[in-house]
Amino acid sequence: MNPLADITVVSLEQAVAAPFATRQLADLGARVIKVERPGRGDFARGYDETVSGMSSHFVWLNRSKESVALDLKSELGLRAVRELAARADVFVQNLAPGAAERLGLGADDLRAHNPRLIHVSISGYGTGGPYTTKKAYDLLVQCEAGLVSITGTPDDPSKVGISAADIAAGMYAYSGILTALIQRGRTGEGATLEISMLEALGEWMGFPLNYALYGGAPPARSGARHAAIAPYGPFRCGDGEQVFLGIQNEREWARFCEQVLGAPDLATDPRFERNSQRVDNSDELVAEIERAFTDRTAEQAAARLEEVGIANALLRTMASFADHPQLAARGRWADYASPVGPLRALIPPATLEGHTPVMGPVPDVGQHTDAVLAELGLDPDSFASAVDHDPEGTP
């Protein structure tokens with residue numbers, strides 16, 4: 001029996017944050033019923049067609065779920081969602097701000113009929129304050145949280161290459177749901193959770209925020225290097241490739257100078273003796289290290305760093321990550337089904353001994369509508385008007 005096998009989740013979800021949270025629950029065995037727009041479904045289905053015609057975002061976020069297509073502008077559609085919520089353990093929504101409440105699907109309405117329900121709302125900025133109704137996409141929240149301001153090169157700020165704000169919100173929703181389930185097991189009562197992307201990402205900004213508030217200035221944008229630790233980051237080798245390394249203390253620094261650079265005197269050079277001095281003189285430090293690496297390839301440099309016990313890495317592409325020897329050796333890949341055939345994905349990182357993650361199929365839009373309605377004792381034929389069209393303005 002999987003850890004969450006007796007938990008039912010109903011989710012009015014779209015895009016990334018909420019689907020990311022509920023997919024974690026589904027992989028642990030929860031039954032996740034995804035309510036989508038009729039016809040086109042979750043708009044993330046249309047982001048691209050790179051996975052044999054399916055969206056790369058969608059297949060990542062939506063395996064192991066059941067899809068029910070209902071028109072929330074119809075009374076029949078709303079009735080079905082309310083009946084699902086009345087039987088559910090968890091209800092998740094990331095509709096436009098205020099939409100769930102206008103539809104009668106807010107926490108007060110649903111928990112009045114199901115006090116054990118854990119009601120979760122994910123939004124860009126949270127309820128209350130001047131940003132409550134402001135549109136929030138991942139890039140925009142990265143900007144508002146200050147992440148873009150500290151990311152990139154000295155000349156060009158940059159967003160993070162993944163949906164960091166969405167993922168942060170999804171992870172806090174996931175951990176919050178697990179916490180609420182534990183609490184419910186003690187008290188018998190459900191809970192109301194609200195997660196904002198801004199606050200979730202803001203938690204991840206603790207280091208630069210403290211650095212700026214108490215240091216008088218934010219960490220400088222430093223590309224792939226570190227604003228407060230040196231040497232830390234990429235260094236070019238004789239073959240034109242880069243090796244990445246990180247040194248965390250003075251003991252490692254002295255060993256690196258002696259056994260990798262062959263220049264023990266650098267360890268006590270006034271420019272480099274302490275970490276703060278190395279950061280202040282980073283250009284000279286890089287020149288010294290790259291000078292010593294001119295007679296080695298990046299792989300040779302990495303091998304020597306490994307021998308000496310200095311943390312290191314080679315820069316991998318997505319293709320070489322997919323072939324990573326460590327993941328292969330640990331058997332961390334598994335196949336799962338989809339409407340376009342078998343797909344491969346990493347096994348979820350938190351795996352419990354004796355349990356196998358579900359990793360079920362990716363659903364088609366509305367694939368499970370009739371079966372779920374029948375479970376509720378509702379005639380699927382009577383819901384035809386609630387599933388056959390997608391009026392403009394559906395949240």
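What follows draws every value from the coordinates through simple rules; no lab data is involved. Quantities reported herein were computed from a predicted structural model and do not represent experimental measurements. Note that each Cβ is placed from the backbone with ideal geometry, even for glycine, and that neighbours are counted across all protein chains shown.
With the helix formula -39500 (n - 2.57) applied to DSSP H stretches of n ≥ 4, the chain reaches a computed 222 nm mean residue ellipticity of -10500 deg cm²/dmol.
Remark: the residue 258-residue 205 segment gains 15.5 nm on full extension, using 0.36 nm per residue and subtracting the alpha carbon distance. In this rough spin-label picture, where each label sits 7 Å from Cα along the Cβ direction, the residue 295-residue 321 distance is 3.6 nm. With neighbour counts taken as other beta-carbon atoms within 10 Å, the residues 291, 79, 111 rank, fewest first, as 291, 79, 111.
Shown is the FRET efficiency for residue 212 and residue 1, computed with R0 = 41 Å from the Cβ-Cβ distance and rounded to the nearest 0.05: 0.25.
Between 0 and 90 degrees, the angle of helix 250-259 with respect to the longest Cα principal axis of the chain falls at about 60 degrees.
Axis of helix 298-308 versus longest Cα principal axis of the chain: the two differ by about 80°, to the nearest ten degrees.
Excluding residues on the same chain fewer than 8 positions from residue 34, give the lysines whose Cα lies under 26 Å from its Cα. Residue 34 reaches 65, 73, 134, 135. Using R0 = 30 Å, the C-beta based FRET efficiency linking residue 370 and residue 86 works out to 0.95. Under a 5 Å amide H cut-off, with hydrogens placed 1.01 Å from N, residue 118 pairs with 90, 91, 191 among residues at least 5 apart or on other chains. Quotient of the Cα radius of gyration of the range 232-314 and 2.2 N^0.38 Å, N being its number of residues: 0.98. Converting phi to 3J(HN,Hα) with the Karplus coefficients 6.51, -1.76 and 1.60 and the offset θ = phi - 60°, the range 99-104 yields 5, 4, 5, 5, 8, x Hz in sequence order, with x at every glycine or proline. Shown for 222, 175: other C-beta atoms within 10 Å of each C-beta, ranked fewest to most, produce the order 175, 222. Among DSSP beta bridges lying fully in the chain, give the percent that are antiparallel, nearest 5. Within the chain, antiparallel bridges account for around 40 percent of the total. Computed packing ranks the peptides 26-36, 125-135 as 26-36, 125-135, most packed first, by mean other Cβ atoms within 10 Å. With each pseudo-label sitting 7 Å past Cα toward Cβ, what's the residue 236-residue 382 distance in nm, one decimal? Each label point lies 7 Å from its Cα, and together they span 7.3 nm.
Across all directions, the average flat footprint of the convex hull enclosing the Cα atoms of the chain is 23.3 nm². For the range 42-51, putting each phi into the Karplus relation 6.51 cos²θ - 1.76 cosθ + 1.60 with θ = phi - 60° gives couplings of 3, 5, 5, 4, x, 4, 7, 10, 6, 9 Hz, in residue order, rounded to whole numbers and with x for Gly and Pro. Legend: calculated FRET efficiency, residue 108 to residue 75, from the Cβ-Cβ distance at R0 = 30 Å, rounded to 0.05, equals 0.90. Extending 7 Å from Cα along the Cβ direction at residue 49 and again at residue 333 yields two label points whose distance is 2.6 nm. Plugging the Kirkwood radius over Cα pairs into Stokes-Einstein for the range 243-395, at a temperature of 25 °C and a viscosity of 0.890 mPa s, what D comes out in µm²/s? D = 115 µm²/s.
Less than 5 angstrom separates the built amide H of residue 223 from those of 152, 153, all sequence-distant by 5 or more or on a different chain. Relative to the longest principal axis of the Cα atoms of the chain, the long axis of helix 164-187 makes an angle of roughly 60 degrees.
Taking only the C-alpha atoms of the range 142-229, Rg followed by Dmax gives 16.8, 55 Å. Could you please state, rounded to a whole Å, how far the C-alpha centre of the range 188-236 is from the C-alpha centre of the range 113-149? With the range 188-236 and the range 113-149 each reduced to a Cα centre, they are spaced 18 Å. Backbone phi angles across the range 351-360, fed through the Karplus curve with coefficients 6.51, -1.76 and 1.60 (θ = phi - 60°), yield HN-Hα couplings of 10, 8, 4, x, 10, 10, x, 5, 6, x Hz in residue order; Gly and Pro are listed as x.
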